[in-house]
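Right, one structure below, let's go through it.
The values are calculated or read from the model by the stated rules, or taken from the named source; none is laboratory data. Computed from a predicted model, the values in this text were never measured in an experiment. Cβ atoms come from the backbone with ideal geometry, glycine included; neighbour counts cover every protein chain shown.
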Amino acid sequence: MGRVVIDVMPKPEILDPQGKAVVGALPRLGFDAFVGVRQGKRFELEVEGEVTPEVLDQARAAAEKLLSNPVIEDVVSVRAAEAQA
């Protein structure tokens with residue numbers, strides 16, 4: 001069984017209140033190396049058989065039509081998941 005991973009992020013010009021909350025909390029928890037956070041979404045779609053270029057094309061189309069809101073989000077990656085050991 002194969003798996004496709006899709007990452008969706010808010011467009012750069014869209015405010016990200018969850019990201020702001022996380023970046024504000026990090027230093028209070030001792031993580032001071034980070035100056036910005038953007039929170040997005042990750043989808044994992046399972047397919048029977050191998051992930052082919054046609055499957056990736058279908059996954060991108062699904063991401064653009066259903067899994068993201070194109071007004072405020074970008075589909076930033078559609079890729080085959082690496083095999084787990």
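Could you say which residue among Leu56, Leu66, Leu26 is within 19 Å of the chain's Cα centre (by Cα) and either assigned to a strand (DSSP E or B) or more than 16 Å from Met9 (Cα to Cα) (or both)?
Selected residue: Leu56, the only one of Leu56, Leu66, Leu26 that is within 19 Å of the chain's Cα centre (by Cα) and either assigned to a strand (DSSP E or B) or more than 16 Å from Met9 (Cα to Cα) (or both).
Out of Val75, Val71, Val35, report the one residue that is touching a helix residue (DSSP H, G or I) at 6+ places or on another chain (Cβ under 8 Å), surrounded by fewer than 16 Cβ atoms within 10 Å (Cβ to Cβ), at pLDDT 95 or above and hydrophobic (A, V, I, L, M, F, W, C). Don't jump to the end; show me each part of the working.
Numbers: Val75 fails: surrounded by fewer than 16 Cβ atoms within 10 Å (Cβ to Cβ); Val71 fails: touching a helix residue (DSSP H, G or I) at 6+ places or on another chain (Cβ under 8 Å).
Of Val75, Val71, Val35, the one residue that is touching a helix residue (DSSP H, G or I) at 6+ places or on another chain (Cβ under 8 Å), surrounded by fewer than 16 Cβ atoms within 10 Å (Cβ to Cβ), at pLDDT 95 or above and hydrophobic (A, V, I, L, M, F, W, C) is Val35.
Taking only the stretch 1-21 into account, find how many residues are hydrophobic (A, V, I, L, M, F, W, C), more than 17 Å from the chain's Cα centre (by Cα) and modelled with pLDDT of 95 or more. Spell out the reasoning first.
Looking only at the stretch 1-21, we keep the residues that are hydrophobic (A, V, I, L, M, F, W, C), and these are 1, 4-6, 8-9, 14-15, 21.
This time we only want the ones that are more than 17 Å from the chain's Cα centre (by Cα), so: 1, 21.
Filter once more, so that each one left must be modelled with pLDDT of 95 or more: 21.
So the answer is 1.
So, in the stretch 1-32, of the ones that are among the basic types (Lys, Arg) and surrounded by 10 or more Cβ atoms within 10 Å (Cβ to Cβ), which residue ends up nearest to Ala62 (Cα to Cα)?
We begin by selecting, within the stretch 1-32, every residue among the basic types (Lys, Arg); these are 3, 11, 20, 28.
This time we only want the ones that are surrounded by 10 or more Cβ atoms within 10 Å (Cβ to Cβ), so: 3, 11, 20.
Values: Arg3: 14, Lys11: 18, Lys20: 29 Å.
If we take residues in the stretch 1-32 being among the basic types (Lys, Arg) and surrounded by 10 or more Cβ atoms within 10 Å (Cβ to Cβ), then Arg3 is nearest to Ala62 (Cα to Cα).
Which ones in the stretch 1-59 are under 19 Å from Glu73 (Cα atoms) and charged (D, E, K, R)?
Residues satisfying the conditions are Asp7, Lys11, Glu13, Asp16, Lys20, Arg38, Lys41, Arg42, Glu44, Asp57.
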